[in-house]
Amino acid sequence: MKVVISIGGSIIASPVNPEYIKNFSKLLSKLHGEGYKLMVVVGGGRLAREYIEAAKKLGASDDYCDEIGIAATRMNAMLLISALGSEAKNMQVTGGTELGQTTDAVAAKLAGKHRARLLIIATNVAGVYDADPNKNKTAKKFDSLTSEQLLKIVGRKYHPGLAAVVDPIAAEVIHRSKIKTVVVDGRKLENIENAIKGKRHGGTVIE
Ligand code: UTP
C-alpha cells in the first residue's frame with residue numbers, strides 16, 4: 001500500500017526536535033517493515049518562517065522567499081534522512097520542489113502521480129476546522145469533508161510562508177485526483193500510524 005506523508009515543519013522543526021524526528025523515523029522503518037511503500041515530504045517549520053520573514057524585510061521577491069523556504073524544507077528533510085540512516089534507501093524523503101506552493105502540495109502531487117492509496121497531512125492541529133483553532137476558541141473541527149468542501153474552506157490564495165492547514169494547491173490536487181486524505185495531529189505519532197491503518201485517529205478524513 002502506497003502512502004504519502006506530509007510531515008509539518010511545525011511539528012518536527014519548530015524548534016528542531018531531534019527526539020521527535022528519531023521516533024518518527026522509527027515509525028517509518030516499522031511501517032516499511034510491514035509492507036507500506038512510503039513517500040515522505042518534510043515541511044520547513046520555524047526555520048522557513050524566520051528566514052522568509054527576514055528575507056522580506058531585506059527586500060527579497062516572493063519567488064526568492066519561496067527559494068529560501070524550499071531550502072529550509074530540504075534542511076529538515078536532511079535531518080529525517082540522518083535519523084533514518086540506512087533505512088532511508090527504503091523510502092522516498094523529500095522537501096519542497098517548485099515555487100509558489102507548500103510541501104502539502106508536493107505531497108498531494110506525489111500521491112496523485114504515484115496513485116497512492118492515502119495522503120496523510122500531519123500537522124500541529126487536530127484536523128481541518130471552520131476557523132483557525134489557535135486564534136478562535138469556538139472553531140469547530142470536521143470529522144469528514146468532501147474535497148469540494150475542503151476547497152471552499154481553504155480558499156485559493158497562496159503567499160510565501162502561508163500557514164493554512166492544507167494549502168490551496170494541495171486542496172485542488174486532492175480534489176482533482178480524488179486522493180483519500182487524512183489531516184491528523186502529528187504531534188502524537190500514534191495518530192499517524194492509526195490513520196494509515198484505518199484506526200481511530202481523531203483527525204479529518206477528506207474523500
Ligand atoms: P512548508 O511546506 O513548510 O510551509 O514550506 P508551511 O505549510 O507553512 O509549513 P509547516 O510545515 O506547516 O510548518 C515553507 C515555505 O517554503 C516554500 C513556500 O514559501 C512555503 O511557504 N516552498 C515550499 C515552496 O515555494 N515550494 C515548495 O514546494 C515547498
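Each reported figure results from applying straightforward, stated rules to the coordinates on display, with no laboratory input. These figures come from a predicted structure and were not determined experimentally. Virtual Cβ from ideal backbone geometry, glycine too; neighbours counted across all protein chains shown.
If the viscosity is 1.567 mPa s and the temperature 4 °C, what Stokes-Einstein diffusion coefficient in µm²/s follows for the chain when Rh is the Kirkwood radius over Cα pairs? Taking Rh from Cα pairs, D becomes 77 µm²/s. With a Förster radius of 30 Å applied to the beta-carbon distance between M78 and K180, the computed FRET efficiency rounds to 0.55.
From its DSSP helices (H runs of at least four residues, each -39,500 (n - 2.57)), the chain gives a residue-normalised ellipticity at 222 nm of -14000 deg cm²/dmol.
Note on K109: aspartates and glutamates with a C-alpha under 15 Å away, same-chain residues under 8 apart excluded, are E98, D167, E172.
The local environment of D130, defined by Cβ-Cβ distances under 11 Å, has a net charge of +2 under the rule Lys, Arg +1 and Asp, Glu -1.
Of the complete DSSP H runs in the chain, those spanning 27 angstrom or more by Cα along the long axis with a mean Kyte-Doolittle score not below 0.5 are 62-84.
Amide H contacts of V125: G186, each under 5 Å away and 5 or more positions distant or on a separate chain (H built 1.01 Å from N in the peptide plane; Pro and chain starts excluded).
Assuming charge only on the beta carbon of Lys and Arg (+1) and of Asp and Glu (-1), the dipole of the stretch 1-72 about its Cα centre is about 380 debye to the nearest 20.
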